[in-house]
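Notes follow once the structure below has been shown.
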Amino acid sequence: MCGIFGYTGHKEAQKLVIQGLKRLEYRGYDSSGLAVQDGFQALLVEKTSGKIKNLEALLHRRPLKGRTAIGHTRWATHGVPSRENAHPHLDNGGEIAVVHNGIIENHFDLKETLKAEGAVFRSETDTEVIVHLLAKYYKGNLENALRRSLKDLKGTYAIAAICSKEPGKLVGARRDSPLVVGLGKKENFLASDVSAIVEHTDRVMFLENGEMAVVTKDSARVVDGAGRPVGRKAVKVDWDITQAKKGGYPHFMLKEIFEQPGILTAVLRERLHGAKIRFDELKIAPRAFRKVKRIVIIACGTAYHAGLTAKYVLEELTDIPVWVDTSSEFRYRNPKLGKGTLVIAVSQSGETADTLAGLREAKAKGALTLSVCNVLGSSLSREAQGVLYTHAGPEIAVASTKAYTAQLAVLYLLAFYLAGLFNSLPQKKRKELLREFSRVPFLMQKTLDQYREDEKEWAEKARDFNARYHAQLEKYFSTDPEKRKRSPNGFFLYLGRNINYPNALEGALKLKEISYIPAEGYPAGEMKHGPIALIDENPWVICLAPQSRTYDKMISNIQEIKARGGIVIPIVSEGDSEIHKLQPFYLIRVPKVRELFSPFLTVLPLQLIAYCVAREFGEDIDQPRNLAKSVTVE
Ligand code: AGP
């Protein structure tokens with residue numbers, strides 16, 4: 001939540017900060033701002049509500065000149081999105097500016113004390129206490145003032161600050177929110193993550209909790225809470241900036257959907273050597289894995305669905321029992337963990353607050369911990385005993401697509417790896433399955449190519465849904481009792497079974513996130529226990545029915561829905577012999593593949609359905625309302 005970008009160097013800062021904030025916009029986008037040191041001992045500030053383009057337009061009319069600056073893109077926690085609540089915040093004298101990502105939990109108490117001491121508060125944010133604390137403790141050195149201020153703060157933060165009296169200097173600090181220093185030539189950067197920096201430099205230093213950074217154009221120091229240098233080495237990141245640009249696609253989401261076959265190919269090429277699986281960065285020795293008696297997977301949202309799918313795979317290929325929990329539930333239960341338990345935390349960002357808290361809980365209880373993350377150097381990847389990177393590249397669209405496939409890829413490989421360690425899979429079978437796995441990227445590409453061919457039909461269906469949906473709403477809200485319907489049920493239902501059940505949840509989540517249309521994911525077998533009551537001629541029911549051991553059961557489910565007038569859109573395997581005979585409203589075919597690997601294929605139409613519907617409804621696909629890419633608050 002919230003993105004921070006700081007620059008000091010030989011170039012005009014404004015343009016770079018705006019560029020950096022745009023890369024971080026996925027972290028929040030309800031307001032933004034920047035503060036620039038103008039070289040004449042003053043700070044110039046501009047901020048506004050809405051997306052970064054609003055700020056950019058303001059700055060276009062009134063540019064702020066200067067070569068050191070901090071900027072912020074916000075996802076509101078305390079105080080509505082408005083100019084006043086947008087960061088940076090200034091002290092009374094307008095000499096110190098602060099941007100912050102996180103939550104200051106004791107801000108009420110601090111505010112009272114600071115107000116009594118003369119601080120004038122202009123916003124409703126928790127952040128503003130930080131800048132008044134800095135002013136209180138400032139004795140000619142911003143670094144010392146920040147170090148002292150941190151002692152008073154409770155909560156989470158990544159902070160960047162500048163002071164008009166110390167030209168060319170940025171100071172930063174982190175606790176539980178990410179902060180990265182980028183090392184350039186005669187210029188340095190501070191940012192919430194590497195995606196904002198990679199177009200300027202590939203050398204970065206990640207801050208650990210409790211550390212601070214002091215950055216000028218010629219130097220960057222990382223120090224501990226007592227001000228001692230920690231000797232942090234710079235690491236090279238291999239993210240390519242072209243990956244973070246749209247590359248001709250109208251939306252990042254569509255681009256990321258289409259990247260999936262390539263990502264799976266790359267993951268398999270890197271990790272699969274014949275029948276051998278290589279996890280170079282893993283850090284957990286095979287002997288530690290051999291002691292594992294149970295696996296608990298924790299994650300949120302889409303990553304949780306990847307975890308659910310992994311349960312089916314792990315239980316199919318190994319004899320290890322697996323539980324999956326949403327991190328926010330796991331962390332507040334009293335999970336029974338301890339020795340013999342492997343806790344796997346799955347996360348694209350590696351910064352999700354609940355997953356991080358769950359991982360810490362698991363570590364404290366003595367479990368072996370492993371993170372499956374996309375963002376290099378993220379908190380989860382550093383705090384877990386082992387890490388597996390998904391290498392999906394920067395995922396910019398808030399709705400996760402390629403990160404999901406990459407998570408599945410790594411989790412499947414982990415299942416094969418454990419099957420190898422525990423000898424739970426005969427060699428011949430293992431080889432056969434891995435051979436088929438290697439073909440999956442090709443089949444994914446085929447699925448996407450088919451979509452390209454059918455794109456017009458898809459758009460028509462989305463238009464049709466839109467028309468029916470609005471007709472439904474009109475009936476529901478009509479003042480004419482004759483016309484009024486009892487309940488509005490123009491919505492989507494996603495049904496799946498077995499290993500495709502998690503994808504049903506994922507399909508519904510995708511649609512909800514970007515089109516705001518009610519959608520439910522359900523295990524098809526549960527329909528008769530309640531949800532079938534929802535069926536009349538209105539809901540659109542997406543049935544995941546590829547070739548599988550539960551195919552016949554799905555046919556029965558489809559018949560039950562059809563018998564009640566429901567609009568059925570089955571996703572079937574090529575060569576499907578039965579379902580097309582039921583004359584569904586629209587039939588989507590994916591290539592034939594072994595059931596185990598079918599989630600890689602069935603998820604593609606689900607992502608595309610969400611995309612097409614949201615596009616038809618004219619929604620902001622890459623930046624849906626109320627959401628942020630990484631949820632670093634509880
Ligand atoms: C997915 O489309 C969502 N935006 C969201 O559910 C996301 O998967 C969740 O917040 C977890 O994020 P993470 O993978 O970065 O931990």
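The values are calculated or read from the model by the stated rules, or taken from the named source; none is laboratory data. Since the structure is predicted, the reported quantities are computational estimates derived from the model, not experimental observations. All Cβ positions, glycine included, derive from the backbone under ideal geometry; neighbour counts span all protein chains shown. These accessible areas exclude ligands, DNA and RNA; they are computed on the full protein's heavy atoms, side chains included. Shrake-Rupley method; radii C 1.70, N 1.55, O 1.52, S 1.80 Å.
Below is a table of values for the structure above.
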| read-out | value |
| --- | --- |
| Selection from segment 500-518 of residues that are at pLDDT below 95 and either more than 13 Å from the ligand (Cβ to nearest atom) or in contact with a His (Cβ under 7 Å, 6 or more places away or on another chain) (or both) | Tyr516, Ile517, Pro518 |
| Segment 500-530, subset open to solvent by 50 Å² or more (accessible area, probe 1.4 Å) and among the basic types (Lys, Arg), residue nearest to Ala462 (Cα to Cα) | Lys512 |
| Any hit, segment 614-621, residues being hydrophobic (A, V, I, L, M, F, W, C), surrounded by fewer than 17 Cβ atoms within 10 Å (Cβ to Cβ) and part of a helix (DSSP H, G or I) | no |
| Candidates Leu413, Leu408, filtered to the one that is at pLDDT 95 or above, among the hydrophobic types (A, V, I, L, M, F, W, C), in contact with a Lys or Arg (Cβ under 8 Å, 6 or more places away or on another chain) and surrounded by 15 or more Cβ atoms within 10 Å (Cβ to Cβ) | Leu413 |
| Selection within segment 201-217 - open to solvent by 50 Å² or more (accessible area, probe 1.4 Å) and polar (S, T, N, Q) | Asn209 |
| Any hit, segment 343-361, residues being closer than 25 Å to Arg278 by Cα and more than 14 Å from the ligand (Cβ to nearest atom) | yes |
| Leading residue by the ranking (least open to solvent (accessible area, probe 1.4 Å)) among those in segment 360-375 that are more than 16 Å from Val292 (Cβ to Cβ) and of a type in the set (A, V, I, L, M, F, W, C) | Cys373 |
| Candidate set: segment 579-632, residues that are touching a Ser or Thr at 6+ places or on another chain (Cβ under 6 Å) and modelled with pLDDT under 95; chosen: the one nearest to Thr265 (Cα to Cα) | Ser630 |
| Only one of Thr302, Thr326 that is surrounded by fewer than 20 Cβ atoms within 10 Å (Cβ to Cβ), under 20 Å from Lys629 (Cα atoms), at pLDDT 95 or above and within 14 Å of the ligand (Cβ to nearest atom) | Thr326 |
| Test: residue in segment 49-57 that is farther than 27 Å from Lys629 by Cβ and of a type in the set (Val, Ile, Thr) | no |
| Cross-chain or 6+ apart pairs with Cβ under 7 Å, segment 368-381 first and in contact (Cβ under 8 Å) with a residue 40 or more places away in the chain, then among the hydroxyl-bearing types (Ser, Thr, Tyr) and within 9 Å of the ligand (Cβ to nearest atom) | Val375/Ser349; Ser378/Ser349 |
| Exclusive hit being farther than 27 Å from Gly358 by Cβ and away from the ligand (no atom under 16 Å from the Cβ), set Ala285, Ala275 | Ala275 |
| Qualifying residue in segment 552-565 (condition: basic (Lys, Arg) and touching a Pro at 6+ places or on another chain (Cβ under 9 Å)) | yes |
| Test: residue in segment 445-465 that is open to solvent by less than 20 Å² (accessible area, probe 1.4 Å) and closer than 23 Å to His305 by Cα | yes |
| Residue count for segment 9-36, restricted to those that are polar (S, T, N, Q) and open to solvent by 20 Å² or more (accessible area, probe 1.4 Å) | 2 |
| Check on Tyr332, farther than 22 Å from Gly155 by Cα and assigned by TED's automatic domain parsing to the domain that holds Glu270 | no |
| Residue in segment 399-418 that is among the small types (Gly, Ala, Ser), free of Cβ contacts under 8 Å to residues at least 60 places away in the same chain, in the same structural domain as Leu342 (by TED's automatic domain parsing) and at negative phi present | no |
| Output for segment 71-84, where each listed residue is crowded, with 21+ Cβ neighbours inside 10 Å and part of a loop (DSSP other than H, G, I, E, B) | Trp75 |
| Lone unmet requirement of (1) in contact with a strand residue (DSSP E or B) (Cβ under 9 Å, 6 or more places away or on another chain); (2) under 19 Å from Lys11 (Cα atoms) for Val230 | (2) |
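Condition check ((1) among the basic types (Lys, Arg); (2) more than 14 Å from the ligand (Cβ to nearest atom); (3) assigned to a loop (DSSP other than H, G, I, E, B)) across all residues:
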| position | (1), (2), (3) |
| --- | --- |
| Gly366 | no, yes, yes |
| Leu370 | no, yes, no |
| Leu376 | no, no, yes |
| Ser381 | no, no, no |
| Pro394 | no, no, yes |
| Ala399 | no, no, yes |
| Leu408 | no, no, no |
| Leu413 | no, yes, no |
